[in-house]
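A short write-up of the structure that comes next.
The values are calculated or read from the model by the stated rules, or taken from the named source; none is laboratory data. What you are looking at is a predicted structure, and each value in this text was computed from that prediction instead of being measured. Methodologically, a virtual Cβ is constructed for each residue, glycine included, from the backbone with ideal geometry; neighbour enumeration extends over all protein chains shown.
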Amino acid sequence: MAGEKSLDGNVAVITGAGSGIGRAIAIGMAAEGARIAICDIDMDGAEQTASMLKEKYGTESLTVHMDVTDESAVNSGMDSVAGHFGRIDTLVANAGIQIVHLIEDFPYEQFRKVVQIHLDGSFLTTKAAVKHMYPQKSGSLIYMGSVHSHEASTQKAAYVAAKHGVLGLSRVMAKEGAKHGVRSNVICPGFVKTPLVERQIPEQAKNLGISEEKVVNEIMLGNTVDQEFTTMEDVADVATFLASFRSNALTGQSIVVSHGWSMR
């Protein structure tokens, strides 16, 4: 049909959509006709995303306060989305943080915080979302992994462990979701110049005793083919593609978006 968009009729739940990559994904999916549930603990940021979507595309959206580590908040939030829109078609489990330390200096509570937000949050939002996807026999689970779902870097014990776990969870869901028409995939970005990454530059420079320039050029971009950061729009394009894919031909996969930093 002329003018039909790839996500017309699709309801997408995006965690961490009040800023950064989550907001970029919301914009990318809205451009293709999706209705968006903007889930975040930062409601000011969520409202800003909603205003941007309304102004740019006339998108119908819903802002939801959601701490992805709180099971009751996740369950009630997901139910409110389904109640408002009548369905849930896409989950983008994107909420995340970064804390870096060498292992001998890594406070356990900070390790747990990183793992809880990335891995526990992905588990809880998945469990809540499939309750609505399974009866309709369709859905797309999209997890925000990382090149660190496959590779390791110093100072990132918590993040690397969590992102490896997210990869495993997604592969399990590809198998469990298949009979219900639910696909599951992981996007694995390289270094994206978000505030989260920008904060790491001076931290790593201090911890490693090198210049910030070396952190960027050697640690972050040294393995890329072109010395370029991945952009938020790059990631959003892949998320939109995965949400719109029509069959289980593409499930259980990790798509690395990293300028060649990691090749799979």
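Please work out which one of (1) loosely packed, with under 15 Cβ neighbours inside 10 Å; (2) closer than 24 Å to residue 95 by Cα; (3) in contact (Cβ under 8 Å) with a residue 12 or more places away in the chain; (4) not acidic (Asp, Glu) is the condition residue 251 fails and give its number.
With (1) loosely packed, with under 15 Cβ neighbours inside 10 Å; (2) closer than 24 Å to residue 95 by Cα; (3) in contact (Cβ under 8 Å) with a residue 12 or more places away in the chain; (4) not acidic (Asp, Glu) applied to residue 251, the lone miss is (1).
Suppose we filter 205, 243 for residues that are of a type in the set (A, V, I, L, M) and over 20 Å from the mean Cα position of the chain (by Cα); which single one remains?
205
State the number of residues belonging to the stretch 238-264 that are under 22 Å from residue 220 (Cα atoms) and touching a helix residue (DSSP H, G or I) at 6+ places or on another chain (Cβ under 8 Å).
7
If I filter the stretch 144-159 for residues that are touching a Ser or Thr at 6+ places or on another chain (Cβ under 8 Å), buried (at least 21 other Cβ atoms within 10 Å of the Cβ) and over 17 Å from residue 259 (Cα atoms), do I get at least one hit?
yes
Given the criteria of a type in the set (D, E, K, R), assigned to a helix (DSSP H, G or I) and not assigned by TED's automatic domain parsing to the domain that holds residue 90, does residue 203 qualify?
Answer is yes for this residue.
Can you give me the number of residues within the stretch 193-251 that are among the small types (Gly, Ala, Ser) and modelled with pLDDT under 95?
Number of matching residues: 5.
If we scan the stretch 51-68, do we find a residue that is of a type outside the set (Gly, Ala, Ser), within 30 Å of residue 155 (Cα to Cα) and without any contact (Cβ under 8 Å) to a residue 12 or more places away in the chain?
No: the stretch 51-68 contains no residue that is of a type outside the set (Gly, Ala, Ser), within 30 Å of residue 155 (Cα to Cα) and without any contact (Cβ under 8 Å) to a residue 12 or more places away in the chain.
Could you please find all residues in the stretch 10-38 being in a loop (DSSP other than H, G, I, E, B) and either in contact (Cβ under 8 Å) with a residue 60 or more places away in the chain or within 14 Å of residue 125 (Cβ to Cβ) (or both)?
10, 16, 17, 19, 32, 34
In this structure, is residue 219 outside the structural domain of residue 105 (by TED's automatic domain parsing), among the hydrophobic types (A, V, I, L, M, F, W, C) and either part of a helix (DSSP H, G or I) or within 17 Å of the chain's Cα centre (by Cα) (or both)?
In short, yes.
Suppose we filter 247, 254, 262 for residues that are under 29 Å from residue 12 (Cβ atoms), of a type outside the set (A, V, I, L, M) and in a strand (DSSP E or B); which single one remains?
Result: 254 is the single residue among 247, 254, 262 that is under 29 Å from residue 12 (Cβ atoms), of a type outside the set (A, V, I, L, M) and in a strand (DSSP E or B).
In the stretch 130-175, how many are farther than 30 Å from residue 207 by Cα, touching a residue at least 24 places away in the same chain (Cβ under 8 Å) and not hydroxyl-bearing (Ser, Thr, Tyr)?
14
Could you please find all residues in the stretch 177-200 being in contact with a helix residue (DSSP H, G or I) (Cβ under 6 Å, 6 or more places away or on another chain), part of a strand (DSSP E or B) and either over 15 Å from residue 148 (Cβ atoms) or charged (D, E, K, R) (or both)?
182, 184, 185
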